[in-house]
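A.B. asks: Got a structure for you, questions after.
The values are calculated or read from the model by the stated rules, or taken from the named source; none is laboratory data. Note that the coordinates shown come from a computational prediction; the quantities given were computed from them, not determined experimentally. Using ideal geometry, Cβ is built from the backbone for each residue, glycine included, and neighbour counts are taken over all protein chains shown. For the accessible areas, the whole protein counts, side chains as well, though only heavy atoms, and no ligand, DNA or RNA atoms are used. Shrake-Rupley method; radii C 1.70, N 1.55, O 1.52, S 1.80 Å.
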Amino acid sequence: MDAVELPVGALGEFLESTAFAEMLDPEDELSASRDTRARRAEVVDVVRAIDANAGRRFVDRERAGEVIIGGLRGGGLGVRPTVVDAVLNLLRPVGVAAPGAPEPVPLEVQSVLGVYVFALVDPRDASVFYVGAGRGNRVHHHARAALAGVTPDAGEMVGDADSPDIRSATEERIRDIDADGFGVEHWIVRHGDDVVDSPEQLASYVQQFTAEFADLARLPLTNSAPNGAISLEEMVLRHAAPLAPPLPEPCVLIKVDDSARPGAGAEQIYEWARSGWRAGPHRTVPDLPVLVFADDIVRAVHRVDYWEAYRDADGDLDPKRWVYTGAPDPELEERYVGTSLREVRERRGGKWNHNGWHPYGRV
């Protein structure tokens, strides 16, 4: 699901904004109505609020406003609406896990994972709050116990069982995340060849990779590395996604590797996907469907409204390349997003075009 995030660098962006400059200008129309002390209090309030919440995620813009701006008094006069708008305009869409108890790990994914090390991440601030090791459904033990009352299978544990205090605290945090409208992020940190099969090895591993755990939900992530950190959701997509149903004809398949990035939101994927393509005759197809994919998995489906000539970084037109404007197609996304195009790839000789543009069906 999509949420919003106040980026880590939000404060720097705000300090360079017109709204901040107006806050400092005593001649500005809205600033003139406040004395020096009130203007200073407003600046301090807003800067502290942005700094304190940078990196946090919220279920929507309204909730972000309540948390970031809601308690600010601005020297007793409140924070001016233009400043509130400027702060909320810093928010960026981000994909997050949906709340609720997770489904069991598919058997085909369990066989790929073998024994693995996993981490639980709080999506609200991207913090790692639990690290463990196991096999099978071990990664979901805490969430399924906290949200569905499922008794963990001791045979899936690797290393010592958690103490009652640790188990209670972990499950309480999961319930708190769920109550805020988010789902816990489940990350596979190592699997396959990096087998951890004793408490001693697990302790050594955790010590060695403490920095990696701390930065787990931030870029750069080794999302495409063979045994690097990868979200369980992405593992399931890559190894257990159903085959895509018959594709609409004609359509275009666009390979955008960044669309598989953790937290990639619908707006980001749209911007990454829309330019600049040697679209050829497909520009003449009304309402052309565009299926955006990465790692064989469909990530978004757009309908093209119109095409415009592509401009390079210097603003010069490229007569051979084009940019589309369109919108997500909810009906097609429900049908195709999360399905695999591996059969399509195999019919194409086992690989995709290096340029990312793949027309499908005759025009």
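A.B. asks: I'd like the residue in region 308-348 that is among the small types (Gly, Ala, Ser) and under 20 Å from His239 (Cα atoms) and, out of all such residues, is farthest from the chain's Cα centre (by Cα).
C.D. replies: If we filter region 308-348 for residues that are among the small types (Gly, Ala, Ser), which is where we start, we get 309, 313, 315, 326-327, 338, 340.
Imposing the further condition that a residue be under 20 Å from His239 (Cα atoms) reduces the set to 338, 340.
Values: Gly338: 15, Ser340: 20 Å.
Only one residue fits best here, namely Ser340.
A.B. asks: Go through (1) touching a helix residue (DSSP H, G or I) at 6+ places or on another chain (Cβ under 6 Å); (2) over 18 Å from Asn355 (Cβ atoms) for Trp272 and report which single condition fails.
C.D. replies: Here Trp272 meets the rest and fails (2).
A.B. asks: List every residue pair whose Cβ atoms lie under 9 Å apart, where the two residues are 6 or more positions apart in sequence or sit on different chains, the first residue falls within region 1-28 and is over 16 Å from Asp125 (Cα atoms), and the second residue, located anywhere, is open to solvent by 70 Å² or more (accessible area, probe 1.4 Å) and hydrophobic (A, V, I, L, M, F, W, C).
C.D. replies: From residues that are over 16 Å from Asp125 (Cα atoms), the pairs are Glu22/Leu30; Met23/Leu30.
Per-residue answers, yes or no, for (1) modelled with pLDDT of 95 or more; (2) more than 23 Å from Arg342 (Cβ to Cβ):
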position	(1), (2)
Leu253	yes, no
Asp258	no, no
Ala264	no, no
Gln268	no, yes
Gly280	no, yes
Asp287	yes, yes
Ala294	yes, no
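A.B. asks: Looking at Phe58, is it closer than 25 Å to Gly263 by Cα, aromatic (Phe, Trp, Tyr) and touching an Asp or Glu at 6+ places or on another chain (Cβ under 8 Å)? First the steps, then the outcome.
C.D. replies: On the way: closer than 25 Å to Gly263 by Cα: yes; aromatic (Phe, Trp, Tyr): yes; touching an Asp or Glu at 6+ places or on another chain (Cβ under 8 Å): yes.
Yes, satisfied.
A.B. asks: When residues of region 311-344 are filtered for being assigned to a strand (DSSP E or B) and open to solvent by less than 60 Å² (accessible area, probe 1.4 Å), how many remain? Before you say what the answer is, go through the steps one by one.
C.D. replies: Residues of region 311-344 that are assigned to a strand (DSSP E or B), as a first pass: 311, 317-328, 340.
Next, from what is left, pick out any that are open to solvent by less than 60 Å² (accessible area, probe 1.4 Å): 318, 322-327, 340.
Within region 311-344, residues that are assigned to a strand (DSSP E or B) and open to solvent by less than 60 Å² (accessible area, probe 1.4 Å) number 8.
A.B. asks: While we're on this one: Out of the residues in region 1-19 that are in contact with a helix residue (DSSP H, G or I) (Cβ under 7 Å, 6 or more places away or on another chain) and modelled with pLDDT under 90, state the one that is farthest from Asp180 (Cα to Cα).
C.D. replies: Narrowing region 1-19 to residues in contact with a helix residue (DSSP H, G or I) (Cβ under 7 Å, 6 or more places away or on another chain): 2, 4, 6, 10-11, 14, 17, 19.
The next check asks that each one be modelled with pLDDT under 90; those that pass are 2, 19.
Numbers: Asp2: 14, Ala19: 30 Å.
Only one residue fits best here, namely Ala19.
A.B. asks: Shifting gears a bit: Hey, among the residues in region 64-91 that are in a helix (DSSP H, G or I) and in contact (Cβ under 8 Å) with a residue 40 or more places away in the chain, which one's surrounded by the fewest Cβ atoms within 10 Å (Cβ to Cβ)? Steps first, answer last, please.
C.D. replies: Keep residues of region 64-91 that are in a helix (DSSP H, G or I), which gives 64-68, 81-88.
Still in the list and also in contact (Cβ under 8 Å) with a residue 40 or more places away in the chain: 64, 68, 82-83, 85-87.
Details: Ala64: 23, Ile68: 24, Thr82: 14, Val83: 24, Asp85: 11, Ala86: 19, Val87: 25.
If we take residues in region 64-91 being in a helix (DSSP H, G or I) and in contact (Cβ under 8 Å) with a residue 40 or more places away in the chain, then Asp85 is surrounded by the fewest Cβ atoms within 10 Å (Cβ to Cβ).
For (1) closer than 28 Å to Val8 by Cα; (2) modelled with pLDDT of 90 or more; (3) polar (S, T, N, Q); (4) more than 20 Å from the chain's Cα centre (by Cα), each residue gets a yes or a no:
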residue: Arg92; (1), (2), (3), (4): yes, yes, no, no
residue: Val121; (1), (2), (3), (4): yes, no, no, no
residue: His142; (1), (2), (3), (4): no, yes, no, yes
residue: Asp178; (1), (2), (3), (4): yes, yes, no, no
